[in-house]
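The values are calculated or read from the model by the stated rules, or taken from the named source; none is laboratory data. This structure is a prediction, so every number in the text was calculated from the model and none was measured. All Cβ positions, glycine included, derive from the backbone under ideal geometry; neighbour counts span all protein chains shown.
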Amino acid sequence: MAQYEVMFAGFGGQGIMTAGQLLAYTGIAEDKQVAWIPSYGPEMRGGTAYCTVVVSDSRIGSPIITNPRGLCVFNRPSFDKFEPRIKTGGIIVVNSSLIEVKSERDDLLKIYVDANDMAIKAGNAKAANIAMLGAFVGATGAVSEKALLETMKDKLARKKDVLAINEKVLAEGIKLGKEAAKQKVAV
C-alpha cells in the first residue's frame, strides 16, 4: 500500500468522526503517515458531517482529497453527494440500513453493510460506525485488523460496557469486507 484515502460521510451523531479517528490512530500505531481532516455542518447533531483520512507508507503530499479512493457512506444525502467523487477502481461501503439505493457505477467495489441492524442485534445501535469501519478495513487492508482492534480497545476503554459489542460488530464488518474483496462483487 502506498497511500489510501477514504472519506467517512453522514449525519452528525452517527459516529463519523470516531470511525475516522480510529482509522487514523491505527495508522499512527503502525508507524504510517496519517492525515485526518474533519468537516462539520452548522448543526451538532443531524447536520452533515464528514472526515477524510489519508494513511500512507510515505510522506503525504496533500491532506486535501477531493476524489478519494474509498468512501464509507452512512446516509442518502452523503451518498448522493460523494459517490460520484470516488476514484475509478475504488471502494464504496454503504450503510444499507439507511440507504435504499445502489450505486450504478461498475468501476467500484461495492459493499452494502446492514450496519444499523448489525449494531442493534449486537446490543447497541451506536456501533453501526464500527461495522462500517470493519467492512472497509476487511476489504482494503488499509491497516491491520489486530492493530485496529487494539486501537479500539485503547480509545474506547472508558466505555467498557460497549467494548464487547464493538468488538463483535467490528469482527462481523471485517468478515463482510473480506468476503466482498475476495469476490470483487457487490455484497
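Data overview
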| quantity | calculated |
| --- | --- |
| Residue check for Asp154: more than 25 Å from Val34 (Cα to Cα) and either assigned to a helix (DSSP H, G or I) or out of contact with any Lys or Arg (no Cβ under 9 Å at 6 or more places or on another chain) (or both) | no |
| Candidate set: region 168-187, residues that are in contact (Cβ under 8 Å) with a residue 60 or more places away in the chain and part of a helix (DSSP H, G or I); chosen: the one surrounded by the fewest Cβ atoms within 10 Å (Cβ to Cβ) | Ala181 |
| Within region 146-162, considering residues that are of a type in the set (Asp, Glu) and at pLDDT below 95, the one nearest to the chain's Cα centre (by Cα) | Asp154 |
| Close pairs (7 angstrom Cβ cut-off, 6 or more residues apart or separate chains): over 17 Å from Lys32 (Cβ atoms) and touching a residue at least 12 places away in the same chain (Cβ under 8 Å) in region 134-149, buried (at least 17 other Cβ atoms within 10 Å of the Cβ) and among the β-branched types (Val, Ile, Thr) anywhere | Gly134/Val169; Gly134/Ile174; Ala135/Val93; Ala135/Ile111; Ala135/Val113; Gly138/Ile174; Ala139/Ile91; Ala139/Ile111 |
| Any hit, region 98-116, residues being part of a helix (DSSP H, G or I), more than 21 Å from Tyr25 (Cβ to Cβ) and without any contact (Cβ under 8 Å) to a residue 40 or more places away in the chain | yes |
| Residue identified as under 19 Å from Phe11 (Cα atoms), among the hydrophobic types (A, V, I, L, M, F, W, C) and either buried (at least 22 other Cβ atoms within 10 Å of the Cβ) or over 12 Å from the mean Cα position of the chain (by Cα) (or both) among Ile165, Ile120 | Ile120 |
| Single match in Ala115, Ala125 (criterion: of a type outside the set (S, T, N, Q), buried (at least 18 other Cβ atoms within 10 Å of the Cβ) and touching a helix residue (DSSP H, G or I) at 6+ places or on another chain (Cβ under 8 Å)) | Ala115 |
| Output for region 70-127, where each listed residue is among the small types (Gly, Ala, Ser) and closer than 21 Å to Leu156 by Cβ | Ala115, Ala119, Ala122, Gly123, Ala125, Ala127 |
| Some residue of region 100-120 being over 23 Å from Lys32 (Cα atoms) and among the aromatic types (Phe, Trp, Tyr) | yes |
| Condition check for Ser58: over 30 Å from Leu163 (Cβ atoms) and either at pLDDT below 95 or of a type in the set (Val, Ile, Thr) (or both) | yes |
| For Gly138: the one exception among (1) under 18 Å from Gln14 (Cβ atoms); (2) surrounded by 24 or more Cβ atoms within 10 Å (Cβ to Cβ) | (1) |
| Residue in region 32-49 that is surrounded by 19 or more Cβ atoms within 10 Å (Cβ to Cβ), at pLDDT below 95 and not β-branched (Val, Ile, Thr) present | yes |
